[in-house]
Amino acid sequence: MGALWSSFLALNPTEAAALVAGGVSIFVGLITVLVSLAVAKRSTYITAVTTQRSKWIDSLRENIAELLGTCSAIHLRHSDLTSDGARTLRETADRLIALITMQLNPKNPIDKNMIGLIGLFPTRAEMGNDTYRELERAFVRHAQFLLKEEWEKVKSEAMGWLCRIVSWYKKCVRAHEYKEFCKRPESLANPIPRK
C-alpha cells in the first residue's frame with residue numbers, strides 16, 4: 001500500500017495534495033459538527049435547568065413571604081383565634097406549610113432546618129409573646145441562606161469549568177458561614193420547645 005501511494009504521489013502530486021486536503025477537510029468538518037452538537041446539547045440543558053430552578057426559587061420565595069404574612073396576621077389576632085377569619089388564616093398557613101415543605105429537600109442541611117422550624121409557625125403565631133417573632137427571624141435567615149445557595153447554583157450551571165472552581169470555593173465559604181450561624185442561639189436550629 002505504501003509503494004502504491006508513493007508512486008501515485010510521484011506521478012500526480014497535485015491530485016495527491018487535493019486528496020489529502022479533502023480528507024483533512026472532512027475530518028475537521030466532522031469534528032466541528034460533533035463539537036457543535038455537544039455545545040448545543042449543553043446549552044439546551046443549561047437553559048432548561050436554570051429556567052426551572054429560577055421558577056422554583058421565585059415560587060419558594062413567594063410561598064415563604066405569603067406564609068410569613070399569614071402567620072403575622074394570626075399573631076396580631078392571637079386574642080381572637082376562634083373567629084372565621086382566624087380559622088381561614090390558620091387553614092392558609094397550614095396549606096402553605098405543606099406546600100413549602102414539599103418544595104424543600106429533607107437531605108439538605110438548610111432545608112432540613114427550615115422543615116424543622118416551619119411546623120412551629122401556627123402555634124407560635126397564636127401565642128401573644130415574642131417567640132413567634134424569634135422564630136420568624138430565624139426562619140427568614142435560614143431562607144436567605146437557602147435562596148442565596150440556590151441562586152449561586154443557577155449561576156454556576158451556566159459557567160465554564162474554570163469559573164466553577166471559584167464558585168466551589170465560594171460555596172465552601174457560604175457553607176462555613178451557615179454552620180457558624182447554626183451554632184448561634186438565634187438560629188433556632190435546635191428549635192425551642194412549644195409552650
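Pairs linking a residue in region 102-114 that is in contact (Cβ under 8 Å) with a residue 60 or more places away in the chain to a residue that is part of a loop (DSSP other than H, G, I, E, B) and surrounded by 14 or more Cβ atoms within 10 Å (Cβ to Cβ), with Cβ atoms under 7 Å and 6 or more positions apart or on different chains, are ASN113/ALA189. I want to confirm something. Restricting to region 124-143 and keeping residues that are loosely packed, with under 15 Cβ neighbours inside 10 Å and in a helix (DSSP H, G or I), which single residue is modelled with the lowest pLDDT? Within region 124-143, the match that is modelled with the lowest pLDDT is ARG133.
Condition check for LYS179 on (1) more than 24 Å from the chain's Cα centre (by Cα); (2) loosely packed, with under 13 Cβ neighbours inside 10 Å; (3) among the charged types (D, E, K, R): one failure, at (1). Taking the condition of being among the basic types (Lys, Arg) and loosely packed, with under 15 Cβ neighbours inside 10 Å, how many residues in region 90-111 meet it? Here the count works out to 2. Among the residues that make up region 99-110, is at least one of them under 26 Å from TYR45 (Cβ atoms), outside any helix (DSSP H, G or I), among the hydrophobic types (A, V, I, L, M, F, W, C) and in contact with a Leu (Cβ under 9 Å, 6 or more places away or on another chain)? Checking region 99-110: at least one residue is under 26 Å from TYR45 (Cβ atoms), outside any helix (DSSP H, G or I), among the hydrophobic types (A, V, I, L, M, F, W, C) and in contact with a Leu (Cβ under 9 Å, 6 or more places away or on another chain). Of all positions in region 54-68, none carries a residue that is among the small types (Gly, Ala, Ser), over 24 Å from PHE181 (Cα atoms), more than 27 Å from the chain's Cα centre (by Cα) and part of a helix (DSSP H, G or I).
The values are calculated or read from the model by the stated rules, or taken from the named source; none is laboratory data. Computed from a predicted model, the values in this text were never measured in an experiment. Ideal geometry is used to build each Cβ from the backbone, glycine not excepted, and the neighbour counts take in all protein chains shown.
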